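So the structure is just underneath, and the comments pick up after that.
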Amino acid sequence: MLEFDPHVLEEKAVPPPKEFSKRAHVKSLEEYRQMYDRAARDPEAFWGEQAKMLDWFEPPKRVLDWDLPHAKWFAGGKLNVAYNCLDRHLAKRGNKPALIWEAEDGAKVEFTYAELHQRVCRFANALKSLGVQPGDCVAIYMPMIPELPIAMLACARIGAVHSVVFGGFSSTALADRIADAKSKILLTADGGYRRGKIVPLKDTADAALKNCPTIEKSVVVRRTGGKVAWQEGRDLWWHDLEKAASKDSPAAPFDSEQPLYILYTSGTTGKPKGVLHTSAGYLLQCMWSMRLVFDLREDDVYWCTADIGWVTGHSYIVYGPLANGVTMVMYEGAPDQPGKDRFWEIVERYKVTIFYSSATAVRAFMAWGTDWINKHDISSLRLLGTVGEPINPAAWKWYAEAIGKHRCPIVDTWWQTETGSIMISPLPGATPAKPGSATLPLPGIAAKVVNLQGQPVAPGETGYLVIEKPWPSMLRTIYGDDERFRRDYWERIPGVYFAGDAAQCDKDGYIWVLGRVDDVIKVAGHRLSSMEIESVLVSHVSVAEAAVVARPDEIKGEAIVCFVTLRSGQTASGELRAALMEHVSVTIGSIARPADVRFCDLLPKTRSGKIMRRLLRELAHKGGISGDTTTLEDMAVIERLAQSQGRDDE
C-alpha cells in the first residue's frame, strides 16, 4: 500500500466567498448534504428527476437496468443529443453567442446558436450524402477549429458514432484507432497551427489511410490553404460538401442507449482502450454536473482550455456547455504563443467568467510569474476550475491568489474518460475547499476509498478509489473487448468500479486523490506516492513544477529521480539541488530522499497538459528516449533534457 504524508490532510478548509454563496445554486454545505442524502436513499428516483432536464421525444419507461457490469439508463426513452444541444435553444437563445473561436493568429469567428445549428444541419446532410448511417463510425482528426464540434454534433444528429483522435497523434496511432473502431469516414484538415507553425494533418492522415481499408472518404477542411496531396475519388473538400447540402435536417429520435462516441485512452500497458459512451445518460450527467459544479448563469462566458481530442473537451467544451445554452470560448493555439499572457488576453477580451484548465497549466503559470497576469484586467472571472491531475496545495493557493484574487472559488474536479463527467468536486457556493483535495462526491455518486477486500479504510489510511453504484455517464464497455472492460474495471475489487487511483479520506470525509496506483516508487520495500513527493517539492519557494519517477537501484530496488522547473527569477545550482533533497527528506522522511534532482526549463507534456512521466522514467533509466512520443506536445523538451543529463553525468 502507498505511504502518504498525513500533514497534507491537515490543510485548513477555505470557505466559499460569502458573496458567491449568496447567489449560488447550492448555498451551503448543509444544503449539499441534504441533496446527497436524498440521492443516496433512492438513486433511481434522484436521476429520474434530473432526467427532466433533457428534452425527450419519448420519455423513458425505466431509470436503470443494472446487470453488473452492464448498465442501461433511461430505457425506452428516445431523444436526440444534437437537438438537446442546439434546437431546443433556438426560440430563447437563437441570437445568443454559442461559440466564440479565436485562432492562434488572433482571428476571431463567432457563432450564435442559430448559426451553429445551421452549420450542424448542413454537415449532417453532407454526411448522409456520403452514405453514413446510424451506428456507423466517423473518425475525426482535426485541429481546434469550429468544424470539430460541428462534426461531432452532426454525427450525433444522425445517430453516427464519432471517434475523435487527438490532432497530435502520429499516423500509426491514427491508423490503429481507425482500424479498431472500423471507421467509415475520416474528417480532417489540410493542416493546423501550433506555435506559429503548420501541423501537416492531411499528410499524416494520408499516411494512416494506407493501412485503413474501411475508410471510404476523407473529408478535408481548408484551414491553412497550403498545397496538399489529393486522391481523386477518396478526398473531398468540406466546404464543397457543406455548400451543396440542405440546411434542413430534422433531428431523428434515437434510443437512450444509442452509442454516441468512442474515445481511446491509453492504459499503462497494452493497446489503447476504446471507451464507449452512449447518449442519454452521458448527456444528462454532463449537463447536470456542469450546471452544479460551475454554478452556471445565463450570462456566463465559459472557457475550458482543454483539447477536444480528450474527454474534457468532449464533456466540457461540446456537450455540457451546449446542452446548458452557455456562451463558450474555444482557442486554437498554445498558451505561450506569441507571449505567456495569451490566456489572460483572451480572458480580458471576452470577459470570461469561468476558467477551467489543468493543474499542470496552473503550475506552468506559476513558473512564468505574475507579471504576465497583472498586465491584464481579469476581473470578469468569478470561478476557477482544475482538471487532469491532482493539484498540489501550493499551486492551489497560488491559483487562488494570483488568478482568483481570493474572490473566485476553485473547483478541483476528479473524473476520468471512463466516468464521462465530473464525479468528485466542491460545489463552489457550498463546499469549504481544502487545497489539494477534490473534496466530496457529487450527489448521486457513491465514491469510497477501500482496501483490496472492498472494506473502507480508516481516515488517513491509503486505499483505492472506487464507485459503488452505477451512474448515468459511465462507460458502457471497451469497444470490441468486453472482457477487458470486466477485468480492468469490475473484477479488481469485485462488485465495484475500480478507478485505478490511490486515495485517502480525511476525518471530514474529504477525498484526496494521490494519483494512479501505478505511479508509485518502491524504495527499500517502502511504497511512496510520486504525487506526494512532487507536492513537497512544489511547496519549496523556488519550485514551480516537479515530476518524480523511479530508476533501478541495485541496493534499494528503486531510487527517486526528480525533474524540477523553477519559478521565475530562481537559478539552478548545486546548492539548490541539495536543499531540495533535504526538503523532501525532512518533510516525508529519509526514505524519500531523492537520489537526484534535475533542473529543466519545461517538463514533457501532452497537449492536454499531462506530464509524460513514462518518458521521464525512460530518460532516468536509460539516458535517452526510444519509446512512443506521439502524444508529446514539444519534442524539443525531451531533447534538451537528454542533453542536460549528458552534461550532468560528465
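The values are calculated or read from the model by the stated rules, or taken from the named source; none is laboratory data. As the structure is a computational prediction, the values presented were derived from the model and not from experiment. Cβ atoms come from the backbone with ideal geometry, glycine included; neighbour counts cover every protein chain shown.
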Do you know which of the residues in the range 253-271 that are at pLDDT below 95 and within 25 Å of VAL219 (Cα to Cα) is surrounded by the most Cβ atoms within 10 Å (Cβ to Cβ)? TYR264
Suppose we filter the range 508-524 for residues that are of a type outside the set (Gly, Ala, Ser), part of a loop (DSSP other than H, G, I, E, B) and modelled with pLDDT under 90; how many remain? 3
State all residues of the range 303-331 that are in contact with a Phe, Trp or Tyr (Cβ under 6 Å, 6 or more places away or on another chain) and at pLDDT below 95; if no residue qualifies, say none. GLY309
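Residue-wise test of (1) farther than 29 Å from ALA175 by Cβ; (2) surrounded by fewer than 23 Cβ atoms within 10 Å (Cβ to Cβ); (3) among the small types (Gly, Ala, Ser).
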residue	(1), (2), (3)
GLU115	yes, yes, no
LYS128	no, yes, no
GLY131	no, yes, yes
GLY135	no, yes, yes
PRO143	no, no, no
PRO146	no, yes, no
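Out of all the residues in the range 266-279, is one or more basic (Lys, Arg), in a loop (DSSP other than H, G, I, E, B) and under 28 Å from ARG484 (Cβ atoms)?
Taking every residue of the range 266-279 in turn, at least one turns out to be basic (Lys, Arg), in a loop (DSSP other than H, G, I, E, B) and under 28 Å from ARG484 (Cβ atoms).
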Just to confirm my filter: which strands (runs of 3 or more DSSP E) fall fully inside the range 388-507 and include at least 1 residues that are free of Cβ contacts under 8 Å to residues at least 60 places away in the same chain and either hydroxyl-bearing (Ser, Thr, Tyr) or farther than 30 Å from SER28 by Cβ (or both)? 462-467, 497-505
Subset of the range 292-312 (residues that are among the hydroxyl-bearing types (Ser, Thr, Tyr) and within 14 Å of SER358 (Cβ to Cβ)): THR305, THR312
If we ask which residues in the range 67-83 are more than 21 Å from MET53 (Cα to Cα) and either assigned to a helix (DSSP H, G or I) or out of contact with any Lys or Arg (no Cβ under 8 Å at 6 or more places or on another chain) (or both), their number turns out to be 2
Filter result (among the β-branched types (Val, Ile, Thr) and either at pLDDT below 95 or under 14 Å from the mean Cα position of the chain (by Cα) (or both)) within the range 340-369: THR360, VAL362
Have a look at ALA334, ALA306 and point out the one that is in a loop (DSSP other than H, G, I, E, B), of a type in the set (A, V, I, L, M) and surrounded by fewer than 23 Cβ atoms within 10 Å (Cβ to Cβ). ALA334
Between a residue in the range 140-161 that is in contact (Cβ under 8 Å) with a residue 24 or more places away in the chain and any residue that is assigned to a helix (DSSP H, G or I) and of a type in the set (Phe, Trp, Tyr), which pairs come within a Cβ distance under 6 Å, given they are 6 or more apart or on different chains? ILE150/PHE123; ALA154/PHE123
Per the list (1) in contact (Cβ under 8 Å) with a residue 60 or more places away in the chain; (2) within 28 Å of the chain's Cα centre (by Cα), residue check on ARG122 breaks on (2)
Some residue of the range 518-529 being touching a Lys or Arg at 6+ places or on another chain (Cβ under 9 Å) and hydroxyl-bearing (Ser, Thr, Tyr): no
Tell me, yes or no, whether the range 221-235 has at least one residue that is in contact (Cβ under 8 Å) with a residue 60 or more places away in the chain, within 26 Å of ALA323 (Cβ to Cβ) and buried (at least 24 other Cβ atoms within 10 Å of the Cβ). yes
